[in-house]
Amino acid sequence: MTSRGTAAVALEEVEVTFGAVRALAGVSRVVERGERVAVIGASGAGKSTLFDVLTRAVPLRRGRVLVEGQDIMALGSRELRAARRRIGVIYQAYGLVPQLSVGMNVALGEVADLSGTATLRMFARGPGPATSARIVAALARVGLSDRVADRVDNLSGGQQQRVAVARLLLQSPSLILADEPLSAVDPVTGRRVLGALLELAAEQDATLLVNLHDVALARSFPRVVALVGGQVAFDGPPADLSAEVLTEIYAGEPLDPVPAEAADREPSPLGRPGLPLLTHDREGYGLRAR
């Protein structure tokens, strides 16, 4: 077992409160480097707050958060900026700037490496030749190289998700946090987006944590963590997610849980071992139907 100091993520008795509400209550967990983890739970269980503490977007009431061995809450502004540079985040709302072009949104993946002056220069003059080449290459990977000059608000939800993935390609993070990235797309596009994230993580040997409402997709991951009321209610392989466990996790929330044997028949976004996950289908992106 990797020590907490060298793990990708280590949470020690983490507690977060919003007024009288405890969003996280004494959460302690370790995620090893390179792990692929699905996080599930009912609405309000604390999934998004869990991701927020990993980027220091919310303060702790108590506890400690280590990201790649660094106490994220104790870092100065310069060190925090460097730490966040290594964390790639995809939010439910994509985190894109709708008024900017696709290319400029992808270029934002490099902003954390630039000084304030260089960032302003990039917005005023556009990315330099080297960055422009990387942008086109990243967009080609997700089948959007022909949309580089289009405004993001002219794209569909699925296309915007792909732009967010291309931005991560430019950023090359060592930790990827995807907070319900499939909530606004159709199931087919969702599997393609998840497949692209998994491929990106595999290529860069990055750690991947994904918040999911889809239990069948969560079963595709080797490890599933479930939150209930801000506490860890389950942590283990998907085979142990029985109907009884799911009922406890989603108590009070309508759910049609997918049995393990049915989930095994679902197409997995993890792909076939040894084969690339991101291939060009007739839409120019994503996993081929199989």
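Annotations for the structure displayed:
- If you filter region 1-32 down to residues that are at pLDDT 95 or above and part of a loop (DSSP other than H, G, I, E, B), you find that the one that is farthest from V65 (Cα to Cα) is E32.
- For V58, the conditions (1) surrounded by 14 or more Cβ atoms within 10 Å (Cβ to Cβ); (2) outside any loop (DSSP other than H, G, I, E, B) all hold with the exception of (2).
- Residue check, R147 touching a residue at least 12 places away in the same chain (Cβ under 8 Å), surrounded by fewer than 24 Cβ atoms within 10 Å (Cβ to Cβ) and not hydroxyl-bearing (S, T, Y): yes
- Checking each residue in region 224-254 for being assigned to a loop (DSSP other than H, G, I, E, B), loosely packed, with under 15 Cβ neighbours inside 10 Å and either modelled with pLDDT of 95 or more or not polar (S, T, N, Q) (or both) picks out P237, A251, G252, E253, P254.
- In region 23-46, the qualifying residues are those that are buried (at least 16 other Cβ atoms within 10 Å of the Cβ) and over 18 Å from P237 (Cα atoms), and the one that is farthest from the chain's Cα centre (by Cα) is A25.
- Taken over region 201-212, the criterion of being in contact with a helix residue (DSSP H, G or I) (Cβ under 9 Å, 6 or more places away or on another chain) and either part of a loop (DSSP other than H, G, I, E, B) or closer than 11 Å to V39 by Cα (or both) is satisfied by A206, L208, L209, V210, N211, L212.
- Checking the stated criteria, A93 turns out not to satisfy the condition of being hydrophobic (A, V, I, L, M, F, W, C), in a helix (DSSP H, G or I), at pLDDT below 95 and under 30 Å from R134 (Cβ atoms).
- Taking first residues from region 29-40 that are touching a residue at least 24 places away in the same chain (Cβ under 8 Å) and partners that are among the acidic types (D, E) and in a loop (DSSP other than H, G, I, E, B), the Cβ contacts under 6 Å between residues at least 6 apart in sequence or on separate chains come to G34/D205.
The values are calculated or read from the model by the stated rules, or taken from the named source; none is laboratory data. None of these values were measured; they are calculated from a predicted model. No Cβ is skipped: glycine too gets one built from the backbone with ideal geometry, and neighbour counts run over all protein chains shown.
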